[in-house]
Amino acid sequence: IEEWNIEYADGQDYQSLKRAAEEIVNTDTPVAFPTETVYGLGADATRSSAVKAIFAAKGRPSDNPLIVHIHSLPQLRALLSGKDASLTGSDPIPAIYRPLIERFWPGPLTIILPVPENTVLAPEVTAGLTTFGARMPRSILALSLLRLCGRPLAGPSANASTRPSPTAAEHVYDDLQGRIRTIVDGGPCEVGVESTVVDGLSSPPSILRPGGVTVEQLRQCPGWENVTVGYKDKQEGGASKPRAPGMKYRHYSPKAEVILFEAGATRPEREEVMKKSKVGIIRTKSWDAALGLASADSNVADTNGCVNGTSQSNSASSIPTDAPSRLSNLLRSVIQHQTPHAQRHTLSSSDSEIWDIDLGAETDEVARGLFSALRELDKKGVEVIFVEGIDDTTGDDIAAAVMNRLRKAAEIRT
Ligand code: TXA
Ligand code: MG
């Protein structure tokens, strides 16, 4: 990756990216860019005024630290060495992280590192902590942008604070239009949930946020066999009840109320669904049978130009043409991921309108389509979204990340 360059990009894409990089370097307005996980909102991590503008655009509380994105190990080493460090001597990257970097970078992993004395990072990035999170994304567009900027980029997810993270350019547009000028559009994101955040400075090392790299994968690395789970999202009382209102903060939230059914929980009865006039359903495995949606009751009315469950990407269509910085086909075509759309159903002898999204049975597909599904159902104006959870006890996939986000989305706001 250190020798990597972007010479293959065609003229128009290259010019668009260059313009985005210049905006980051020359102004304080952050620029949204795609990564393999979710879209990020990037600003020069060494300039306070630029970093402050990220918090302002998102409406993010200033005590929540940002991840620093880098494109190479030399760039990270320079960051760890501070302003006046000589680059001789031992590697400033803590040894515990070496196997992780080798295996997972570039990719969906964020590592917690010590802030050096005389750091070049703006204090707003770390929110006053003595550590910072660093990540080398694997999206070609993200790496290209980082390379063109030539400086580390502070980048939280590019959603408005409390909303689901953006996994397509139009999600960013919906949340941040009027607050930023440029979105680099790379199509739908490959992973769909954020990076795994790990702390190897503590002993034993711990996972602070589940994400695109799994616990199982981490445990295979030397020094990480006993990694602990440092986040809490399990509900007391087990999986038998739906996740209920009553907890204290809001995150990953659509406007509609989210009711999460843990894997194995009893699904809602038809009667419960029919109490509401506009209902969203996010399915992952076999819920249709329980509700009767696919049986004789089902009356699929494709009113909204929506295609079927396997669907097309809607990423190209809903941003106005005067929206900023669109990338042309070459880079977009590197990876095109599809996410399923909602289908409309009605139940016989009921006025309820049901918008149903089937995310499929594969965990990777569920992760990729989840945030997009929550946002799409919001746009349909549903009052409540019933979500069929997936099993996160097997430890060998990114189900833990999916369920962590869903449990937060289902917590009620005060
Ligand atoms: O996949 C991702 O990580 C995306 C893309 C854009 O790279 N970014 C992202 O950033 O999710 P954000 O700001 O939405 O989430 C950053 C997470 C937060 O949970 C924050 O508390 C944690 O990382 N974090 C950042 N610095 C930290 C530190 N020094 N110690 C502990 N946690 C930290
Ligand atoms: Mg976020």
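Restricting the first member to region 38-51 and to residues that are under 21 Å from residue 160 (Cβ atoms), and the second to residues that are aromatic (Phe, Trp, Tyr) and modelled with pLDDT of 95 or more, the beta-carbon pairs closer than 6 Å and six or more apart or on different chains are 40/33; 42/33. Return yes when residue 160 is farther than 19 Å from residue 104 by Cα, open to solvent by less than 10 Å² (accessible area, probe 1.4 Å) and away from ligand 1 (no atom under 11 Å from the Cβ) and no when it is not. When the stated conditions are applied, residue 160 does not pass them. If we scan region 172-182, do we find a residue that is modelled with pLDDT under 95 and either over 30 Å from residue 373 (Cβ atoms) or among the hydrophobic types (A, V, I, L, M, F, W, C) (or both)? No, there is no match, as no residue in region 172-182 is modelled with pLDDT under 95 and either over 30 Å from residue 373 (Cβ atoms) or among the hydrophobic types (A, V, I, L, M, F, W, C) (or both).
Do you know which residues across region 129-157 are of a type in the set (Lys, Arg) and open to solvent by 10 Å² or more (accessible area, probe 1.4 Å)?
Result: 138, 147, 151.
Consider region 77-112 and keep the residues that are at pLDDT 95 or above and among the hydroxyl-bearing types (Ser, Thr, Tyr). The one that is farthest from ligand 1 (Cβ to nearest atom) is 97. A search for C-beta distances below 7 Å between a residue of region 148-161 that is at pLDDT below 95 and any residue that is open to solvent by 10 Å² or more (accessible area, probe 1.4 Å) and part of a loop (DSSP other than H, G, I, E, B), counting only pairs 6+ apart in sequence or on different chains, returns 161/59; 161/60. Take residue 113 and tell me if it is in contact with a helix residue (DSSP H, G or I) (Cβ under 7 Å, 6 or more places away or on another chain) and either open to solvent by less than 60 Å² (accessible area, probe 1.4 Å) or outside any helix (DSSP H, G or I) (or both). Considered against the rule, which asks whether it is in contact with a helix residue (DSSP H, G or I) (Cβ under 7 Å, 6 or more places away or on another chain) and either open to solvent by less than 60 Å² (accessible area, probe 1.4 Å) or outside any helix (DSSP H, G or I) (or both), residue 113 comes out as yes. Evaluation of residue 118 against the conditions (1) within 16 Å of ligand 2 (Cβ to nearest atom); (2) over 13 Å from residue 40 (Cα atoms); (3) touching a Lys or Arg at 6+ places or on another chain (Cβ under 6 Å) shows that the sole unmet condition is (1).
Can you say whether residue 209 is touching a strand residue (DSSP E or B) at 6+ places or on another chain (Cβ under 8 Å), within 14 Å of ligand 2 (Cβ to nearest atom) and either open to solvent by 60 Å² or more (accessible area, probe 1.4 Å) or at negative phi (or both), as far as the supplied structure shows? Spelling it out, residue 209 is indeed touching a strand residue (DSSP E or B) at 6+ places or on another chain (Cβ under 8 Å), within 14 Å of ligand 2 (Cβ to nearest atom) and either open to solvent by 60 Å² or more (accessible area, probe 1.4 Å) or at negative phi (or both). Exactly one residue out of 197, 191 is in a strand (DSSP E or B), touching a Gly at 6+ places or on another chain (Cβ under 7 Å) and open to solvent by 10 Å² or more (accessible area, probe 1.4 Å): that is 197.
When the criteria are applied in full, residue 186 meets the requirement of being more than 16 Å from ligand 2 (Cβ to nearest atom), in a loop (DSSP other than H, G, I, E, B) and crowded, with 24+ Cβ neighbours inside 10 Å.
The values are calculated or read from the model by the stated rules, or taken from the named source; none is laboratory data. The model shown is predicted, which means the values in this text are computed figures rather than measured ones. Counting neighbours? That spans all protein chains shown, and the Cβs are built from the backbone with ideal geometry, glycine included. Only protein heavy atoms, including side chains, enter the accessible area calculation; ligands, DNA and RNA are left aside. Shrake-Rupley method; radii C 1.70, N 1.55, O 1.52, S 1.80 Å.
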